[in-house]
Structures are given as structure tokens and as C-alpha cells.
1. Can you confirm whether residue A:127 is within 14 Å of another protein chain (Cβ to nearest Cβ), of a type outside the set (D, E, K, R) and not in a helix (DSSP H, G or I)?
2. With the requirement that a residue be part of a helix (DSSP H, G or I) and open to solvent by 40 Å² or more (accessible area, probe 1.4 Å), what does segment A:176-189 give you?
3. Which condition number in (1) more than 23 Å from residue A:242 (Cβ to Cβ); (2) open to solvent by 10 Å² or more (accessible area, probe 1.4 Å) is the one that residue A:205 fails?
4. Do you know which of the residues in segment B:227-239 that are open to solvent by 50 Å² or more (accessible area, probe 1.4 Å) and not in a strand (DSSP E or B) is nearest to residue B:3 (Cα to Cα)?
5. Please go through segment B:18-42 and give me each residue that is out of contact with any strand residue (DSSP E or B) (no Cβ under 7 Å at 6 or more places or on another chain) and in contact (Cβ under 8 Å) with a residue 40 or more places away in the chain, ordered by number.
6. For segment A:16-32: of the residues being within 7 Å of chain B (Cβ to nearest Cβ) and in a strand (DSSP E or B), which is surrounded by the fewest Cβ atoms within 10 Å (Cβ to Cβ)?
7. When you go through A:124, A:117 one by one, which is the residue that is small (Gly, Ala, Ser), in contact (Cβ under 8 Å) with a residue 60 or more places away in the chain and closer than 17 Å to residue A:154 by Cα?
8. On the basis of being within 14 Å of chain A (Cβ to nearest Cβ) and either open to solvent by 40 Å² or more (accessible area, probe 1.4 Å) or free of Cβ contacts under 8 Å to residues at least 12 places away in the same chain (or both), does residue B:65 make the cut?
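The values are calculated or read from the model by the stated rules, or taken from the named source; none is laboratory data. The structure displayed is predicted, hence computed values, not measured ones. Note that we place each Cβ from the backbone using ideal geometry, even for glycine, and neighbour counts take in every protein chain shown. Quick note on the areas: whole protein, heavy atoms, side chains included, nothing else; ligands and nucleic acids left out. Shrake-Rupley method; radii C 1.70, N 1.55, O 1.52, S 1.80 Å.
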Protein chains: 2
Amino acid sequence: MIITVTLNPAIDVTYRLPRLTVGEVHRVAEVTTRLGGKGVNVARVLHQLGEPAHAVGLADAHFADALASELPSTFLPELEDVRRTVVVVAGSTTSLWEPGRQAAPGADRRLLDLLEARLANATALTVSGSLAPGVPADLPARIARLAAGAGVPVLLDLDDAALVAAVGTGAVLTPNEDEAERLLGHAPDDPVAAVEELAARNRGPVVLTRGRLGLIACADGTCWEARPPAGIAGNPTGAGDAAAAGLARGLAHGRPWPEILRDAAALGAAAVAAPVAGEIDAETYASVLADIRVEPPDHEEA
Amino acid sequence: MIITVTLNPAIDVTYRLPRLTVGEVHRVAEVTTRLGGKGVNVARVLHQLGEPAHAVGLADAHFADALASELPSTFLPELEDVRRTVVVVAGSTTSLWEPGRQAAPGADRRLLDLLEARLANATALTVSGSLAPGVPADLPARIARLAAGAGVPVLLDLDDAALVAAVGTGAVLTPNEDEAERLLGHAPDDPVAAVEELAARNRGPVVLTRGRLGLIACADGTCWEARPPAGIAGNPTGAGDAAAAGLARGLAHGRPWPEILRDAAALGAAAVAAPVAGEIDAETYASVLADIRVEPPDHEEA
């Protein structure tokens with residue numbers, strides 16, 4: 001059972017309109033609503049892969065009940081409300097992202113208690129995405145240490161202060177290039193050197209996520225690069241979550257890193273080919289998997 | 001106790017942004033959310049006036065619980081969800097109105113049962129706004145006949161097919177000029193003639209709502225015009241609901257029509273001066289009330 005943790009979930013709302021004109025009233029004919037957040041999307045992809053997963057996090061009671069009717073999940077009712085992300089698709093795409101809602105005092109403690117009780121049955125754990133206001137920035141790091149103490153491998157897909165606090169926990173970190181540069185405090189000489197330096201600081205694996213360029217990972221003193229084939233078009237939202245699902249599955253099964261990275265890169269590509277975040281295109285996944293080259297990376301100019 | 005009925009409630013969401021640009025991602029810093037719908041706004045104004053009111057309608061369980069914690073109300077959980085109206089205030093105002101959500105089969109019957117049980121304690125009843133999909137267009141007319149049978153005066157603030165079905169019930173109807181013209185099937189010679197004709201067809205009072213121009217009403221063969229003073233600036237959303245609250249209060253207390261119309265016009269003006277629908281500006285109300293002239297209307301060119 002893989003546990004995925006979401007500390008700032010969202011309700012993803014899509015409005016489809018013929019056109020959006022600033023200053024006017026629009027009657028929206030088509031509304032789609034989906035319970036989201038990065039860890040929820042990781043759990044959805046694992047579920048689609050037939051891998052047992054349980055989504056855990058902070059939300060309100062309404063979100064918690066609705067998600068539990070869709071997906072194995074336990075969300076503590078610690079937020080006053082769940083933010084919405086409104087995406088208006090009208091030729092171009094216009095997005096309105098509400099801020100996260102305040103977490104109740106003590107929510108971090110109650111979440112740790114919940115996770116502690118569930119770690120006995122866990123094969124891996126992920127923490128993905130931003131933190132709701134009121135959640136301490138070091139909560140993902142504390143979760144990682146708790147899981148490590150129980151012998152459960154951990155993947156942390158974080159940004160900002162939570163990512164800074166996570167360096168040194170030894171958990172797998174998955175920064176993108178901007179986050180890696182901010183973590184390093186300087187522009188790296190080349191991406192491989194950046195990952196090597198971050199892995200050393202982290203005392204654990206670091207996987208640099210590079211969108212269409214794939215992944216560069218360093219673990220236990222060795223580095224690899226996984227490059228997906230070019231030319232997969234679609235919606236990149238959710239590709240990182242699908243890749244995280246692949247990494248978590250590989251960690252859960254104790255697979256070798258080259259195999260883990262091939263799977264994660266293929267799942268990222270298969271998510272681009274699917275229309276909705278939290279889903280993969282199974283045909284793309286199957287066809288891409290064999291074409292991904294995993295090799296020692298060349299050092300290259302950044 | 002005045003009962004206000006809402007058959008298509010909404011959650012009114014306001015986003016405030018420095019600017020809205022089509023095709024871009026916006027992080028919304030300020031979100032305000034309010035449980036709404038026209039009948040809910042009527043109940044809010046009555047509540048502010050110290051007049052006992054109970055809001056009744058169709059919604060989902062979440063909306064019903066949340067509203068009950070704010071306002072005396074009973075909403076049956078008959079809708080799959082409650083629509084949102086998103087208003088983006090960014091210099092200009094851009095609105096996105098979701099469609100109403102489907103009502104469960106038999107919702108009309110269950111609402112009539114609920115109202116029947118409550119009519120013994122009712123002094124007046126209003127039905128305001130549109131109908132959720134799945135609600136029969138004649139439900140407001142059936143509610144009006146039920147209330148009339150119990151001796152309770154009724155105000156129907158409707159449009160489209162529900163308004164057509166309500167003509168002849170004898171309930172007070174409150175069309176605006178566009179609705180009156182559609183009901184008549186022709187452009188009226190002048191507004192007073194339109195109201196006279198509609199009141200005759202309705203076999204009951206008709207109050208034409210004319211925004212800043214005030215109200216023209218015909219009841220029991222007599223017509224009046226109530227004109228608010230010019231120059232009240234603000235937000236006209238909710239002015240009609242405040243006027244409906246005034247009409248309902250007057251009907252509940254059996255006041256004479258000129259007095260009812262003066263109060264309704266003053267409340268409409270006081271709602272324009274308040275920033276949010278469902279509220280009135282108490283100072284404006286007090287100062288405007290004495291300045292409103294209620295007189296037999298002149299016939300005028302349309």
C-alpha cells in the first residue's frame with residue numbers, strides 16, 4: 001500500500017465557453033469538477049496502474065467524504081474550506097487559482113498520528129505539492145523522518161520552504177530545474193552537477209524533473225538520465241504527478257534505479273497524452289516504455 | 001413569519017484581482033463566498049429589518065447545513081450540487097454563471113409537503129428567481145395556489161415559463177419591463193397600461209419594477225407609482241430582492257398599497273447603496289423613505 005499525502009488539495013473546476021470577454025457576463029454551459037491536488041493525482045495514477053494506494057491529507061469534511069466515495073482515502077477535516085482552481089477554456093486557457101485555506105492549529109500533529117498508525121502497512125509514501133497556510137514548512141520533512149524510521153521509502157515532491165527543509169532527510173527529492181537552482185543558491189554548471197551536489201547535500205536520491213527532456217537522477221553515488229521519445233503532444237499538467245507515481249511504485253517494490261526511472265519517464269509521457277491530470281494514456285505508456293533510454297548522463301552545458 | 005422560497009440557489013463567489021488577462025494564470029489573493037439565490041437575499045433583508053423570516057428551497061446537504069448555521073432556513077437536499085456564480089472584480093467586472101444543477105425526481109412534491117406544513121405559521125410567502133433544471137415550470141404557481149388556500153399572501157418574482165404559468169394565480173407578480181413585454185406579447189403603449197393589462201389577466205396585483213425609475217403597481221383596480229429620489233449610486237444587484245422583501249413585509253402586515261410601495265422602493269434604493277446583494281444600507285433606507293412620492297401614475301409614452 002502506497003500512501004500519498006496532500007497538504008493543500010484543490011477542487012479543479014473547468015468552464016468551457018465559446019469565448020471569454022473581460023467585463024462581460026457569461027453563462028457557462030459546461031462545468032466539470034474534479035477533486036484534485038498533486039498527491040490525489042499520484043493516487044489516481046497508482047489506482048489506474050492497479051497498485052494499491054491510499055490518499056491522505058488535510059481538507060474539509062465535504063471534500064473528504066466526496067473523495068472517499070471515489071478513491072481509497074482519508075482526509076482530516078482540518079481546513080476551513082478547500083480552494084478551487086478555476087480554468088476557463090475558451091480558445092485560450094485562463095486560470096484563476098484561489099489561495100489555500102487556513103489549517104486548524106494542531107493539524108500537523110493529528111496528521112502525523114494518522115500516518116504513524118498507517119505506516120505499518122505502507123510500502124512507500126509520497127508528499128506532493130504546496131502546503132495550506134498554517135501548515136509548518138517542515139511537516140513534509142517530519143513525515144519523511146517518521147516514515148524512514150519505520151523503514152518506508154519516501155518521495156517528496158515539494159517546492160519553496162518545504163523543499164529547503166526536506167534537504168538532508170535522505171528522502172527522494174524531485175525538484176524541477178528552477179527549484180534546483182533556488183536550492184543550490186546558484187546557477188549550476190550543468191544539470192548533472194546540480195543533481196550530484198543536491199544528492200550529496202540530501203544524503204539521499206535526487207531526481208531532477210525536466211519536462212519533455214525527461215529525468216536526471218543521482219542515487220548512491222551513481223547518476224542516470226532517462227529520456228522519453230520526442231513528439232508526445234498534449235496536456236503537461238499532471239505529468240509530474242504521474243512520474244511521481246512511477247517513482248513511488250518502483251521504490252515500493254525495491255526495483256533498481258534504471259528501471260524505476262524508465263517507468264517514471266514513461267508515465268510522465270503517458271500523462272501528457274491523457275486529457276486530464278491524474279490520468280495516463282495506457283497505450284502511450286505501453287508503447288513508450290521500451291523506447292526510453294536510461295544511460296549514464298553526459299555532463300552538458302546548462 | 002415570512003417564508004421565502006428559492007428554487008435555484010447559488011454560491012456567489014467574488015475574486016478580486018489587480019487585472020484579468022485572457023490566456024493567463026492568476027493567483028487570486030482575495031476570495032469572498034456567500035450563500036445566495038434571490039429568495040435567500042430576500043430572507044437576509046427581512047432578517048436585517050428584524051422581520052421574522054424563514055428561507056426554504058432546494059439545494060444540496062452542504063449548502064443546507066451551511067445556510068442553516070447563518071439564517072433560519074430549511075433547504076431540502078434535492079440538487080446534486082449548488083451552482084456557483086463567479087464574479088471577477090478587476091477594474092471591470094467579469095461574471096461566469098454556472099448552470100443550475102438537476103433536481104431529483106419528486107423534489108417538487110416534497111417541497112410542497114414542506115411548505116404545506118409551514119403555512120399555518122406563515123404571514124406571507126415569496127418565490128424568487130429561476131428554477132433548477134428538473135423543477136416543473138408551474139411549481140411557483142402551485143405554491144401560490146397552496147398558500148392562497150391557506151389565506152397567506154404570496155409574491156412571485158419569476159421570469160420565463162414560470163412567470164407565464166403564474167399569471168392568473170392572483171399572487172403579486174413583479175416583472176421588470178422586459179418580462180412584462182414578453183408576457184404581454186407586444187410592446188405596451190405605456191408602462192401603466194401594461195401593468196393594468198397584466199393585473200387584469202392575473203386577477204391580482206402586478207408591480208412593475210423599473211430600476212432607478214422605481215415601481216408602478218396596479219391592485220384592486222387602482223394604480224400607483226413610487227419614485228425614489230435620483231442620484232443613489234452603487235451596486236444594483238440585489239435591489240429587486242430588497243424591494244421584494246419590502247413588498248412581502250407590507251403584505252404580511254396588511255398595509256395599504258401606497259405604504260407598501262413606498263417601503264419597497266426605499267428598500268430597493270437602500271440595497272443599491274449597500275456593497276453586497278442581500279443587504280441594505282440602513283441610513284439610506286431611513287433618509288430615502290420620506291422622500292419617495294407615491295402617486296397615481298401619469299400615462300406616458302413607452
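1. Values: within 14 Å of another protein chain (Cβ to nearest Cβ): no; of a type outside the set (D, E, K, R): yes; not in a helix (DSSP H, G or I): yes.
Answer is no for this residue.
2. So the first thing to find is which residues in segment A:176-189 are part of a helix (DSSP H, G or I), and the list is A:177-184.
Once the filter is applied, which keeps residues that are part of a helix (DSSP H, G or I) and open to solvent by 40 Å² or more (accessible area, probe 1.4 Å), segment A:176-189 yields A:177, A:178, A:181, A:182.
3. With (1) more than 23 Å from residue A:242 (Cβ to Cβ); (2) open to solvent by 10 Å² or more (accessible area, probe 1.4 Å) applied to residue A:205, the lone miss is (1).
4. Of the residues in segment B:227-239, the ones open to solvent by 50 Å² or more (accessible area, probe 1.4 Å) are B:227, B:230-231, B:233-234, B:236-237.
Still in the list and also not in a strand (DSSP E or B): B:230-231, B:233-234, B:236-237.
Details: B:230: 32, B:231: 33, B:233: 30, B:234: 28, B:236: 24, B:237: 22 Å.
Among them, the one singled out is B:237.
5. Selection gives B:41 alone.
6. Of all residues in segment A:16-32, those within 7 Å of chain B (Cβ to nearest Cβ) come to A:20, A:22-29, A:31.
Checking which are in a strand (DSSP E or B) leaves us with A:25-27, A:31.
Working: A:25: 12, A:26: 18, A:27: 10, A:31: 17.
Checking each candidate, the answer is A:27.
7. Values: A:117 fails: in contact (Cβ under 8 Å) with a residue 60 or more places away in the chain.
Step by step, each of A:124, A:117 is checked, and only A:124 is small (Gly, Ala, Ser), in contact (Cβ under 8 Å) with a residue 60 or more places away in the chain and closer than 17 Å to residue A:154 by Cα.
8. Working: within 14 Å of chain A (Cβ to nearest Cβ): yes; either open to solvent by 40 Å² or more (accessible area, probe 1.4 Å) or free of Cβ contacts under 8 Å to residues at least 12 places away in the same chain (or both): yes.
Taking the combined requirement at face value, the residue satisfies it.
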